[in-house]
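Undergrad: Here it is, the structure in full.
The values are calculated or read from the model by the stated rules, or taken from the named source; none is laboratory data. Worth saying up front: this structure is predicted, and the values here are computed from it rather than measured. All Cβ positions, even for glycine, are placed from backbone atoms using ideal geometry, and neighbour counts span all protein chains on display. Protein only, heavy atoms only, side chains kept; ligands, DNA and RNA dropped before computing areas. Shrake-Rupley method; radii C 1.70, N 1.55, O 1.52, S 1.80 Å.
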Amino acid sequence: MRLVHDGAHDDAHRLWHAHDEAVARLVDRFRGLVRHRSFDYMQPLRLQPGVPARLRRVYATPVAYADWGPADAPLVVCAGGVANTAMRFAFLAAELSRDHRVVCMDWLGRGRSGWLADASEYAMPTYVEQLRQMLAHLGDGARRPATLLGSSLGGSVAIEFAARFPKRVARLVLNDVGPSIPRARRQRRAETLARFHVFRTPEELSRRVGAAHKNDGPVSEEIRQFIAWHQTRWSSENAARVYRHDPRALLAYREAARASVDQWQAWQRVCCPVLLLHGMQSDALSARTIARMQRTHPITVAHIPDTGHTPVLSDRNQTRCIREWLHGDGRASPAFSIPHAVPREAWPSLQHAGTG
């Protein structure tokens with residue numbers, strides 16, 4: 001992997017080169033396990049209500065996704081948070097790809113996916129439609145139901161999708177997200193995301209990512225570096241790295257964050273087995289919300305200590321828990337806790353060796 005930053009000063013160039021080489025060594029451990037692909041998403045007219053009528057037209061924009069595991073294996077589709085990229089799920093996908101096809105997609109306006117024509121189009125109906133078209137592209141939407149695994153925004157979309165298309169969803173894994181998210185929490189996150197961050201040195205990037213991910217749980221610096229590299233790109237205009245997203249998408253999220261998330265009506269229509277992962281220090285998923293979810297629908301709840309919103313799912317105890325639940329009968333079980341795995345001295349080959 002060759003990563004060159006033209007135009008940077010010599011000292012900064014050397015720092016970034018060393019940083020990129022370190023990340024490349026971790027990226028290389030996934031070589032041969034993942035296929036990077038895309039398909040053309042078509043934005044329908046009905047999802048352009050904020051666009052003047054004379055400017056509306058159906059148009060295509062690419063959706064990028066990482067594809068893991070055998071093409072004919074049971075399908076798991078992973079969708080991340082509002083500013084996440086597909087490769088945040090790499091550690092989980094490497095584990096599940098032993099016996100599942102795992103597809104992790106970049107939301108429109110994030111990662112390597114294309115951008116939408118108007119900021120007003122970055123909204124829940126578009127994300128549900130993106131997920132619908134993703135399943136149709138993969139050919140599993142009608143042939144057999146898929147498991148949906150969603151973190152934060154991805155979980156909210158998964159709840160809405162499962163309520164609208166119950167026959168297309170076999171199971172739900174909700175990563176620290178439920179039908180209710182407080183407005184105050186959303187606004188705090190939105191104000192941070194809506195800023196345009198410029199990272200002129202690896203140290204700046206590491207410091208910022210450390211602050212942003214401080215509640216994600218005990219995660220090694222190596223993994224944080226990996227996630228941050230995929231979440232950012234080199235900007236020649238700024239001679240620095242910037243987040244890999246359409247700023248309008250996060251400005252749209254800031255507008256949406258003026259209200260709390262309320263999906264209780266959709267939750268009542270969810271009828272598939274559900275595994276709920278709960279960061280015990282989360283400010284987005286409360287004990288009150290979990291209790292109400294359980295009264296409506298029998299679910300399995302796994303508590304993750306020393307972790308907020310949302311777990312990275314790189315810990316091998318967490319990935320093993322998800323894998324075992326996918327192989328189970330889907331019946332709800334009593335709540336339990338997932339202890340953190342002992343850190344490895346060194347990473348083994350990820351050729352289906354498990355993650356950690």
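Undergrad: For the range 163-211, compute Rg over Rh where Rg is the Cα radius of gyration and Rh is the Kirkwood radius from the inverse mean 1/r over Cα pairs.
TA: 1.18
Undergrad: Add -39500 (n - 2.57) for each DSSP H run of 4 or more in the chain, then divide by its residues: what number comes out at 222 nm, to the nearest 500 deg cm²/dmol?
TA: Taking each H run of at least 4 residues, the total per residue is -10500 deg cm²/dmol.
Undergrad: If you don't mind, there's one more thing I want to ask. What's the local net charge at V51, with K and R +1, D and E -1, over the other residues with C-beta under 15 Å away?
TA: So the environment of V51 carries a net charge of +3.
Undergrad: Averaged over every viewing direction, what's the projected area of the C-alpha convex hull for the range 90-133? Give it in nm², one decimal, please.
TA: Averaged projected area of the range 90-133's Cα convex hull equals 3.8 nm².
Undergrad: Please turn the phi angles of the range 17-33 into ³J(HN,Hα) values with the Karplus equation 6.51 cos²θ - 1.76 cosθ + 1.60 (θ = phi - 60°), one per residue in order, whole Hz, x for glycine and proline.
TA: Those phi angles translate into 4, 5, 4, 5, 5, 5, 5, 4, 5, 6, 4, 5, 5, 9, 4, x, 9 Hz.
Undergrad: Something else about it: Give me the percent of the accessible area of the chain that comes from carbon and sulfur atoms, probe 1.4 Å, all protein chains in place.
TA: 50 percent
Undergrad: Say the dipole of the chain comes from +1 at the beta carbon of Lys and Arg and -1 at that of Asp and Glu; which of M124, H13, V103 then lies farthest toward its positive end?
TA: Farthest along the dipole direction, towards plus: M124.
Undergrad: Give the Rg/Rh ratio for the range 162-315, taking Rg as the radius of gyration of the Cα atoms and Rh as the Kirkwood radius, to two decimals.
TA: 1.01
Undergrad: Compute the distance from the alpha-carbon center of the range 302-319 to that of the range 122-193, in whole Å.
TA: Using only Cα atoms, the two centres lie 19 Å from each other.
Undergrad: Would you mind getting me the FRET efficiency between A24 and E324? Use the beta-carbon distance for r and R0 = 35 Å, nearest 0.05.
TA: Efficiency for this residue pair is about 0.60.
Undergrad: Work out the charge dipole of the range 1-120 with +1 on the Cβ of Lys and Arg and -1 on the Cβ of Asp and Glu about the Cα centre, then indicate which of M87, Y41, L26 is farthest towards its positive end.
TA: Y41
Undergrad: Please report the accessible area of H36 (heavy atoms, 1.4 Å probe, ligands and nucleic acids excluded) in Å², nearest 10.
TA: Only protein atoms counted, so the area is about 130 Å².
Undergrad: Running Debye on the range 267-350 with equal point scatterers at the Cα sites and no solvent, what base-10 log of I(q)/I(0) appears at q = 0.13 Å⁻¹?
TA: -0.46
Undergrad: What is the ratio of the Cα radius of gyration of the range 184-254 to 2.2 N^0.38 Å, with N the residue count, to two decimals?
TA: Rg over 2.2 N^0.38 Å, computed on Cα atoms: 1.13.
Undergrad: Now for a separate question. Near the amide H of S38, under 5 Å away, which other amide H atoms are found, from residues 5 or more places off or on another chain, if H is placed in the peptide plane?
TA: Y65
Undergrad: Top mean-square fluctuation among G155, G328, G114, Gaussian network model of the chain, C-alpha springs under 10 Å?
TA: G328
Undergrad: Multiply the residue gap between Q265 and S235 by 0.36 nm, knock off their C-alpha separation, and tell me the result in nm, one decimal place. All intermediate terms of the calculation are to be shown ahead of the outcome.
TA: Numbers: separation 30, 0.36 × 30 = 10.80 nm, distance 4.30 nm.
Additional length available on full extension: 6.5 nm.
Undergrad: Based on the inverse mean of 1/r over its pairs of different Cα atoms, what is the Kirkwood hydrodynamic radius of the chain, in Å?
TA: Values: mean 1/r = 0.0482 Å⁻¹.
Evaluated on the chain, it is 20.7 Å.
Undergrad: What's the extension gain from V242 to H36 if we count 0.36 nm per residue and subtract their Cα-Cα distance?
TA: Computed gain between V242 and H36 is 72.0 nm.
Undergrad: Let me ask something else about it. Using every Cα-Cα pair within the range 1-158, state what percent have a distance larger than 19 Å.
TA: Tail fraction, whole percent: 60.
Undergrad: Considering only the chain, what is the antiparallel percent among its DSSP beta bridges, to the nearest 5?
TA: If we restrict to bridges inside the chain, about 45 percent are antiparallel.
Undergrad: For the range 161-305, what is the charge dipole size about the Cα centre, in debye to the nearest 20, if Lys and Arg each add +1 at the Cβ and Asp and Glu each add -1 at the Cβ?
TA: Using only the charged Cβ atoms, the result is roughly 560 debye.
Undergrad: Also, quick follow-up: For the range 35-95, what D do you get in µm² per second when you plug the Kirkwood radius from alpha-carbon pairs into Stokes-Einstein at 25 °C and 0.890 mPa s?
TA: Numbers: Rh = 14.2 Å.
The diffusion coefficient I find is 172 µm²/s.
Undergrad: A further question on this structure: Which number comes out as Rg/Rh for the range 78-233 once both Rg and the Kirkwood Rh are worked out on C-alpha atoms?
TA: On the way: Rg = 16.1 Å, Rh = 16.8 Å.
My calculation of the ratio gives 0.96.
Undergrad: Roughly what would the spin-label model give for E203 and R292, points 7 Å off Cα along C-beta, in nm?
TA: If labels sit at E203 and R292, their model points lie 4.6 nm apart.
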